[in-house]
Amino acid sequence: AQSVSQHNHHVILSEAASLELGCNYSYGGTVNLFWYVQYPGQHLQLLLKYFSGDPLVKGIKGFEAEFIKSKFSFNLRKPSVQWSDTAEYFCAVRKGSNYKLTFGKGTLLTVNP
Amino acid sequence: SAVISQKPSRDICQRGTSLTIQCQVDSQVTMMFWYRQQPGQSLTLIATANQGSEATYESGFVIDKFPISRPNLTFSTLTVSNMSPEDSSIYLCSVDSGTSGGSYRNEQFFGPGTRLTVL
């Protein structure tokens with residue numbers, strides 16, 4: 001069965017630090033990749049997505065992610081985090097021809113001012 | 001993007017009872033999904049609900065435990081039946097962004113969730 005691994009359960013950073021959250025998946029075929037964010041008290045929101053083309057995708061709020069097919073990875077990055085980035089981040093994968101999403105367990109990011 | 005609301009936002013229920021969760025979307029959508037997010041776990045798809053057909057359940061989930069209705073293109077309900085403490089979870093409704101449904105180019109939008117506690 002397809003699985004999605006997020007390596008970090010909880011990441012704590014200071015403001016202005018750089019961020020990289022890992023995401024690996026197990027499916028070997030064509031995939032669509034997503035990062036969702038859930039701010040405290042709010043619902044899940046789409047941060048960015050990859051369907052095809054340039055493997056470096058840019059999302060909202062200065063986030064970007066790079067799809068590395070050979071490593072089955074889709075890591076999320078931000079060069080300088082802010083206190084308002086404190087949230088839980090979920091990586092999700094969908095097989096290319098399927099509508100079903102498989103989620104990772106999420107990474108809680110705490111940014112200290 | 002679609003705006004999704006869920007009712008109730010949270011509830012505390014007794015063992016053996018049932019709870020029906022409502023999901024309302026502000027636009028017509030073909031595909032709606034119900035997920036469960038247990039404490040410390042990822043989101044797990046329970047079933048896919050298309051209007052005019054029976055819901056499709058994922059492995060480990062059955063209709064008798066989680067009956068779903070989809071009476072029209074903007075509304076769905078999920079019932080958690082004969083509840084036990086193991087059903088304590090957040091239940092989320094989501095919708096596919098496409099009007100034709102099922103395209104791999106579509107996104108999924110999520111509702112705010114229903115936090116259920118079973119005593």
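Data overview
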| item | result |
| --- | --- |
| For A:Pro40: the one exception among (1) closer than 13 Å to A:Tyr89 by Cα; (2) more than 12 Å from every other protein chain (Cβ to nearest Cβ); (3) modelled with pLDDT of 95 or more | (3) |
| Given (1) basic (Lys, Arg); (2) more than 13 Å from chain B (Cβ to nearest Cβ); (3) open to solvent by less than 20 Å² (accessible area, probe 1.4 Å), index of the condition A:Arg94 fails | (2) |
| Failed criterion for B:Phe33 (all others in (1) modelled with pLDDT under 90; (2) within 12 Å of another protein chain (Cβ to nearest Cβ) hold) | (1) |
| Residues that are more than 25 Å from B:Gln37 (Cα to Cα) and more than 14 Å from the chain's Cα centre (by Cα), drawn from the stretch A:57-96 | A:Lys69, A:Ser70, A:Lys71, A:Pro79, A:Ser80, A:Val81, A:Gln82, A:Trp83 |
| Subset of the stretch B:54-84 [open to solvent by less than 40 Å² (accessible area, probe 1.4 Å) and in contact (Cβ under 8 Å) with a residue 60 or more places away in the chain] | B:Thr79, B:Val80, B:Ser81, B:Met83, B:Ser84 |
| Test: residue in the stretch B:20-29 that is touching a residue at least 24 places away in the same chain (Cβ under 8 Å), within 12 Å of another protein chain (Cβ to nearest Cβ), polar (S, T, N, Q) and part of a strand (DSSP E or B) | no |
| Selected residue (only one of B:Ser81, B:Ser88, B:Ser69 is polar (S, T, N, Q), in contact with a strand residue (DSSP E or B) (Cβ under 8 Å, 6 or more places away or on another chain) and modelled with pLDDT of 95 or more) | B:Ser88 |
| Residue match in the stretch B:95-107 (condition: assigned to a loop (DSSP other than H, G, I, E, B), open to solvent by less than 10 Å² (accessible area, probe 1.4 Å) and either at pLDDT 90 or above or touching a Leu at 6+ places or on another chain (Cβ under 7 Å) (or both)) | no |
| Among residues of the stretch A:1-50, those that are surrounded by fewer than 12 Cβ atoms within 10 Å (Cβ to Cβ) and among the hydroxyl-bearing types (Ser, Thr, Tyr), counted | 2 |
| Extreme residue, least open to solvent (accessible area, probe 1.4 Å), among residues of the stretch B:30-53 that are assigned to a loop (DSSP other than H, G, I, E, B) and either among the polar types (S, T, N, Q) or closer than 13 Å to B:Asp96 by Cα (or both) | B:Ser42 |
| Selection within the stretch B:11-29 - more than 13 Å from B:Thr77 (Cβ to Cβ) and open to solvent by less than 50 Å² (accessible area, probe 1.4 Å) | B:Cys13, B:Gly16, B:Ser27, B:Val29 |
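The values are calculated or read from the model by the stated rules, or taken from the named source; none is laboratory data. What you are looking at is a predicted structure, and each value in this text was computed from that prediction instead of being measured. Because the Cβ atoms are built from the backbone with ideal geometry, glycine has one as well, and the counts that use them run over all protein chains shown. Side chains are part of the model used for accessible areas, which takes the heavy atoms of the whole protein and leaves out ligands, DNA and RNA. Shrake-Rupley method; radii C 1.70, N 1.55, O 1.52, S 1.80 Å.
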